[in-house]
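To start, the structure itself, in structure tokens.
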Amino acid sequence: MREDEHSGEIRSSFGNIVINVYGKKEDRRPEGIDSSIRWGSGSHEPLHSPEELKKHIKKQAEQLRAKGCKEPFLYLRGDRKALFTDSREVIQVAAECNVKRVRFSGPPVAAVPGIPERPQSGTVSSMPSASIFLLPHALFYGNGNGRFYPLVEEKGSLGVIVEWLKNKKRSAGRAGGRVVVQLMVAGDVPNQRAAAVMDVLMRAGMDSVVLKTFKDS
């Protein structure tokens, strides 16, 4: 799958179930789609409710499997804010349809205010202030400076991330800044794990999140 830089259209490849995540901003919807609509199909057909969303994902998954795709994946497309606030329900619905992988398409890190398009030597704002790498069987977190720490995921262990982010938010607030979290999700991470980490970001009060997908080599 690739995204046309000029038209913004998604060119789907085999195995994708594309869902457009609109969020609450009216300017993020194609003309004619009501502001109450939170999601749309890959062709921007409105999905009015979680029930319609589930029906659409289930139908797409069944069609892909009938064509020989053993493991379809969910491809969520939207701006940074919409993906953060309105994609968790899509991920959970997809899991109910046995679609276990999720990928995100959002703006590059440069689209986040305060982060320049190209890193500038000696500037604090050249990288996100917090980064989380989510792999199929591991999670690493760090300050975006190239140093990361592994988290042993046991019951309640994600609370460590919550406290870490809350502390960073307090420190940034005292300095008059904010925390920008970059969530990097490997392409083969089960969507339930991605949803759990997004819940953690919500609990920590993070409102500036950049979602990215990468290939785990």
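Remarks
- Annotation for Ala138 and Lys212: the two label points, set 7 Å from Cα along the Cα-Cβ direction, are 1.8 nm apart.
- Of Lys54/Lys166; Lys169/Lys212; Lys70/Lys166, pairs whose Cα-Cα distance is over 32 Å: Lys54/Lys166; Lys70/Lys166
- Scaled to the globular estimate 2.2 N^0.38 Å, the Cα spread of the stretch 34-89, given as radius of gyration, is 1.21.
- Relative packing of 200-212, 32-44, 71-83, which averages over residues the other C-beta atoms within 10 Å, highest first: 71-83, 200-212, 32-44
- Globularity index of the stretch 147-217, i.e. its alpha-carbon radius of gyration over 2.2 N^0.38 Å: 1.17
- List Val99, Val160, ordered by accessible area with a 1.4 Å probe, largest first: Val160, Val99
- Pairwise label distance in nanometres, Gln63 with Gln92, each label 7 Å out on the Cα-Cβ vector: 2.7
The values are calculated or read from the model by the stated rules, or taken from the named source; none is laboratory data. Just so it is clear, the model here is predicted, and its values are computed rather than measured. Cβ atoms come from the backbone with ideal geometry, glycine included; neighbour counts cover every protein chain shown. Surface areas here come from the heavy atoms of the whole protein model, side chains and all, with no ligands, DNA or RNA. Shrake-Rupley method; radii C 1.70, N 1.55, O 1.52, S 1.80 Å.
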